[in-house]
Amino acid sequence: MPLETRGAVAAFDPATGRVTLSASTQMPHLLRTGIADVLGIPESELRVIAPEVGGGFGQKMPLIPEYVVVVWVARRFACTVAWIEDRLENLTASFHARDQRLHLRGAFDGDGRLLAIDADVLCNVGAYSSFPVTCGVEPLMALADLPGPHRVPEYRARARGVASNTCPMAPYRGVSRPVITAAIERLMDCAAARLGLDTLEIRRRDLITEFPHTSVTGVVHDPGSYRQAMDAAARVVDLAQFRARQQAARAEGRQLGLGISVFAERTGPGTPAFAARRMVITPGFERVELVMDPSGSLEARIGSSPHGQGLKTSLAQLIADEIGISPNEIRVIAGDTDRSPYGWGTFASRSLVIAGGACKLAAAMLRDRLQAVAGQVLEADASDIELSAGRAFVRGTDLGVEVQQLARAAYHQSHRFPVIAETGLSAVATYDPMAPSRTPAMWRWWKSILQPAKSRSSGSWSSKTPAV
């Protein structure tokens with residue numbers, strides 16, 4: 001769970017009529033959008049700041065009523081108002097996840113190869129839906145990801161979200177993956193026992209080994225070492241010696257167990273992954289703005305919003321490697337809707353992939369502009385300029401100049417550098433892992449489950465429409 005619970009301070013500024021909301025959130029821009037929509041005010045009248053957040057894990061993604069209330073009170077009474085929940089409130093009334101019941105049936109051949117899975121997934125989604133991902137996120141993710149890294153030629157899934165009087169559900173700590181992984185691993189253990197196979201061997205026969213692999217639900221797996229990782233873990237445990245210990249313990253009435261889990265985690269979902277769910281809001285892209293000031297210091301403004309995972313450090317290193325300066329010269333600005341471009345926050349193991357991609361693209365643009373300036377200063381072709389250790393130098397010579405000097409010249413002698421007259425020492429880039437070649441398979445599968453049931457040509461099972 002997060003180090004600190006959820007909390008917010010809303011401060012009204014009588015000079016501007018704006019409210020500044022400092023809140024423990026993973027998605028400051030979307031929080032601003034949600035609150036403005038609920039209160040019927042322009043987003044320009046609300047500033048949202050996410051300070052140093054001690055973890056979120058999805059629980060701090062959604063729009064919660066308390067944040068709406070503190071902003072309304074601050075506006076209504078022109079004051080500053082604070083709210084914070086204690087740990088007991090967080091445990092009893094905050095967003096939760098993975099209250100699921102799964103029933104699986106698996107078809108195997110005589111050699112233990114998995115032929116088909118029939119899954120019935122029942123998810124308690126609580127009393128209310130959550131903005132922006134809706135209460136459908138868990139049942140939909142469960143049915144889409146349940147096959148995991150196993151070869152499953154035929155698959156049928158029925159996933160339902162059931163409203164109840166419990167607290168609402170949100171994408172919290174891996175959206176269905178722990179539950180569906182436990183379920184399919186149990187299926188593999190049961191099949192191994194029924195067929196008289198070793199628990200490792202049956203998995204070796206069913207784990208995917210050829211990549212890229214497109215699962216029966218359209219999920220594309222990049223190269224992975226599933227078998228090798230499992231075998232390496234077995235060597236560390238010394239499985240044969242452990243089995244002997246296990247038998248000895250059971251003879252003494254002690255139950256010594258061994259669990260095996262091989263799973264795949266999705267990272268970096270772009271707009272196609274979310275567009276397929278047909279939500280009102282489609283997140284996915286990230287935008288980065290880079291600006292170098294006359295002293296040579298660089299500011300990177302990102303739409304993603306770190307919540308304690310060291311993202312700022314990682315992004316600064318990516319940019320520094322591209323431009324050839326020290327990470328200490330880079331300040332990453334995040335979590336402030338007044339200072340950063342519109343972005344989707346941090347969730348779904350996406351930030352380093354997508355914000356990092358945008359940072360790399362923007363840094364490459366800025367590097368080209370610095371090379372252009374250095375080429376004119378050093379009277380060399382820009383393509384011959386290298387950037388390293390805070391200096392620009394002509395390749396193969398000791399002729400060079402400090403990046404700080406280039407920055408000062410670009411601002412104070414701009415007439416010398418028409419090549420950057422319009423852009424200055426700045427760059428803006430957007431990254432969205434569209435993966436066009438992968439999109440159609442996923443979209444066709446989602447479309448098939450969202451349409452009325454119809455027979456599948458590849459087998460005798462029919463696809464079902466989940467009641468979500």
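We did not get these values from a lab; they are worked out from the coordinates using the rules stated. Here the structure is a predicted model, which is why all the values come from computation and not from measurement. Glycine gets a Cβ as well: all are built from the backbone with ideal geometry, and neighbour counts include every protein chain shown.
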A chain fully extended from E210 to T267 at 0.36 nm per residue, minus the present Cα-Cα distance, gains in nm 18.6 nm
The percentage of Cα-Cα pairs in the chain separated by more than 38 Å is 40
Given unit charges at Cβ for Lys, Arg (+) and Asp, Glu (-), the dipole magnitude of the range 7-87 about its Cα centre in debye, nearest 20, is 80
Note to self: C-alpha centroids of the range 98-156 and the range 274-335 sit apart, in Å, by 35
Karplus ³J(HN,Hα) for the range 368-381 (6.51 cos²θ - 1.76 cosθ + 1.60, θ = phi - 60°; Hz, whole; x = Gly/Pro) runs 4, 6, 5, 5, 5, 5, 4, x, 6, 5, 9, 6, 9, 6
When the charge dipole of the chain is computed with +1 on Lys and Arg Cβ and -1 on Asp and Glu Cβ about the Cα centre, the Cα farthest towards its positive end, among I35, H213, A363, belongs to H213
For the range 286-431, the dipole about the Cα centre with charges only on Cβ (Lys and Arg +1, Asp and Glu -1), to the nearest 20 debye, works out at 340
Whole-Å distance linking the alpha carbon centroid of the range 251-267 with that of the range 368-399 is 57
Placing +1 on each Lys and Arg Cβ and -1 on each Asp and Glu Cβ in the chain, then taking the dipole about the Cα centre, the residue among S261, P341, L104 whose Cα reaches farthest towards the positive end is L104
Among beta bridges assigned by DSSP with both residues in the chain, the antiparallel ones amount in percent, to the nearest 5, to 70
Reduced to Cα centres, the span from the range 403-420 to the range 170-199 in Å works out to 60
Taking the dipole of the range 286-431 about the Cα centre (Lys, Arg +1; Asp, Glu -1; charges at Cβ), the one of T397, T423, A374 that reaches farthest to the positive side is T423
Computed about the Cα centre, the charge dipole of the chain from +1 Lys/Arg and -1 Asp/Glu charges at the Cβ has a magnitude in debye, to the nearest 20, of 1740
Computed over the range 7-87, the relative contact order (Cα-Cα under 8 Å, seq sep at least six) in percent reads 42
With the 8 Å Cα cutoff and a minimum separation of six or more residues, the range 286-431 has a relative contact order in percent of 32
Quick note on H307, H221, ordering by fewest other C-beta atoms within 10 Å, gives H221, H307
Computed, not fitted: 222 nm per-residue ellipticity of the chain from DSSP H runs ≥ 4 (each -39500 (n - 2.57)), nearest 500, equal to -10500 deg cm²/dmol
At R0 = 22 Å the Cβ-Cβ FRET efficiency linking A193 and A107, nearest 0.05, sits at 0.85
